[in-house]
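Structure record follows, encoded as structure tokens.
The values are calculated or read from the model by the stated rules, or taken from the named source; none is laboratory data. All values reported here derive from a predicted model rather than from experimental measurement. Cβ: placed from backbone, ideal geometry, glycine included. Neighbour counts: every protein chain shown.
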Amino acid sequence: MLAEGVAPCKPRSARQRAQGPTSCRPPDGAIVCTNSRQEIGCDANPAPADTMDWHMNKHRTLFTGATILPMDGKSEDLAVGDLLVEDDLIAAIAPNLDIDDAQVIDASGTVLCPGFVDTHRHTWQTPLHGVRTDWNLLDYLTYIRGMYCICYEPEDAALANRVGALEALDSGITTLVDHSHLQLSEAHSDGLAEGIIDSGIRGIFCYGTYRNLAYKPGQDASDLPRLLGEVNGPLNEWHKKNATRIRDTYFADESARVRFGIASREFETLPESESMLEELRWSRTLRPARISIHVGMSSREPLNVVRELHEAGEIRPDLLFVHGNHLTDDELRMIIDGGASVSSAIEIEMTYGAYPVVNRFTRLGGQSSIGIDATIDFGGDMFGQMRALLNEWRLERSLQNPLKMTRKVHQKKVLEIATVRAAEAIGFGDLTGSLTVGKKADLLLLRTDALGLTPMWDPYAAVVNYGNPSLVDTVMVDGRIVKRNGKLVGIDWPALRDALERSRADIRRRFSLIPEQPIRERWAQGFRIEISD
Ligand SMILES: [Zn+2]
């Protein structure tokens, strides 16, 4: 529903959207919404970034009576406090703020904390929720990266990224690093970039330089061996041109809400280091906010990526190493010495039989963060990841000192890794990750007055041990409310759900046309995995 007197926004072009959510202004004489509990929608362009624009900008929003967890390492937690947002920034936090001209959101019965920062997600996999949850790593590589990856048309890619980012927002994730393999054509890349930007989330769109299989489902398979042989070739000219085009079209503003990054191929599968170094040096010419690299998931052969990068002097703060389960302490120190960081996907790493590195890396003094990774196995929220990390951390500590009565790791440490530490790990530490005056207003309200959480004793336990997406009442990104009263604002969910179902049926049909065995053998060879029953 539109607020009375409000004209619908006109849809904007991709380029306009990329430049920022500033084109939708109140028509003369329109009634500007001042009721924070009113749902605001825009039929012509339902993205929150657009619909909330003139309702929120130049407004002050005052959250009152919340339990506030600043997570900045300096400020005291407030058992009951107020937080003021002016435009896109946090303007004040105090036990009691007396502000006249703000729209007031009664936040009593909630915990107010920074939005979560997910530093690793393959957002394009959103339509594959639960496709199979008993696969091993080779199954994942064969089916998802080898087969489903080539079943997407551009409209499937755009829908997947938009809905995936909405799923993240709905659960309180306000910043997302999208490691995007799916650059199959220019149209795919456009759809993926637009999907993330349109969702209203903050983050980094990491363009994947993968040489995906150039095979269309249903095509004559006799040429498949040759096409599979090309997958590990050097970075091709098409990617160089397309990545540059995407950066210039959507991410020219390096301070925008969503920024450009690179998702490198798995360098460990390359036969020598020169291709890796050449690709890395080219990547840096595009000034990416981060270069996301999968490492140490299985073998570190034939190329020991971290050691080679260290010896070439190429480990710098712009690198985000993902997983790293099989890296040695020496290799982790090389990452730390270079000022780079690590993202651990706790649940998925454990389910594929790898021990998460986040605690080891943190102990060595490194900058750790956590990510969701692939939502084919688990829900796309941070609560499950935080609980998995907490329990893994506690178990590891107990096993090291089985007879000592060591107090358990507190939830606050985990919440730090999911917020402020993660923001620092991706270079967004000055922007987001904590409730700090002057930082962007990226935050969430978690209901603590619901069944199962009342009465609430410890707000950290409420978020980490008891939290789930249905308790997330309100989410704000960049000063714009994207979720309110438990519902995403301006989103036609039944229409999106129908579109996802149609997309799933198309993807499934295309998948059935692809021969599996040569693709499986190719991935096993690339990752040095033995095929067994
Ligand atoms: Zn990944």
With the condition kept exactly as written, say whether any residue in segment 139-149 is within 23 Å of the chain's Cα centre (by Cα), surrounded by fewer than 22 Cβ atoms within 10 Å (Cβ to Cβ) and in a loop (DSSP other than H, G, I, E, B).
-> no
Would you check which residues across segment 449-499 are under 20 Å from ILE197 (Cα atoms), touching a strand residue (DSSP E or B) at 6+ places or on another chain (Cβ under 8 Å) and assigned to a loop (DSSP other than H, G, I, E, B) and list them?
-> ASP478, GLY479, VAL489
Residues SER343, SER369: which one is in a strand (DSSP E or B), under 23 Å from VAL475 (Cα atoms) and within 16 Å of the ligand (Cβ to nearest atom)?
-> SER369
Has segment 197-218 got at least one residue that is touching an Asp or Glu at 6+ places or on another chain (Cβ under 6 Å), aliphatic (A, V, I, L, M) and within 30 Å of LYS439 (Cβ to Cβ)?
-> no
Among what's in segment 395-441 and is of a type in the set (Asp, Glu) and in contact (Cβ under 8 Å) with a residue 40 or more places away in the chain, pick the residue that is nearest to PHE383 (Cα to Cα).
-> GLU416
Can you tell me which residues in segment 232-280 are free of Cβ contacts under 8 Å to residues at least 24 places away in the same chain and either within 17 Å of VAL306 (Cβ to Cβ) or not in a loop (DSSP other than H, G, I, E, B) (or both)?
-> GLU237, TRP238, LYS241, ASP248, GLU274
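If you go through segment 108-125, how many residues are more than 14 Å from the ligand (Cβ to nearest atom) and crowded, with 23+ Cβ neighbours inside 10 Å?
Here the count works out to 8.
Which of the residues spanning segment 346-366 are among the hydrophobic types (A, V, I, L, M, F, W, C), within 16 Å of the ligand (Cβ to nearest atom), within 21 Å of ASN304 (Cα to Cα) and not in a loop (DSSP other than H, G, I, E, B)?
Scanning segment 346-366 gives a single hit, VAL358.
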Residues being within 16 Å of the ligand (Cβ to nearest atom) and in contact (Cβ under 8 Å) with a residue 40 or more places away in the chain: count how many of those fall in segment 281-293.
-> 3
Show the residue pairs that are 6+ apart or on different chains and have beta-carbon atoms under 8 Å apart, the first residue being within segment 367-394 and closer than 22 Å to VAL163 by Cβ, the second being among the aromatic types (Phe, Trp, Tyr) and more than 16 Å from the ligand (Cβ to nearest atom).
-> MET382/PHE116
Give ARG300, ARG316 a once-over and let me know the one that is at pLDDT 95 or above, more than 16 Å from the ligand (Cβ to nearest atom) and not in a helix (DSSP H, G or I).
-> ARG316
Say whether the condition of being farther than 26 Å from ASP170 by Cβ and modelled with pLDDT under 95 is met by at least one residue in segment 82-95.
-> no
Search result, residues across segment 372-389 that are within 13 Å of the ligand (Cβ to nearest atom) and acidic (Asp, Glu) | ASP373, ASP377
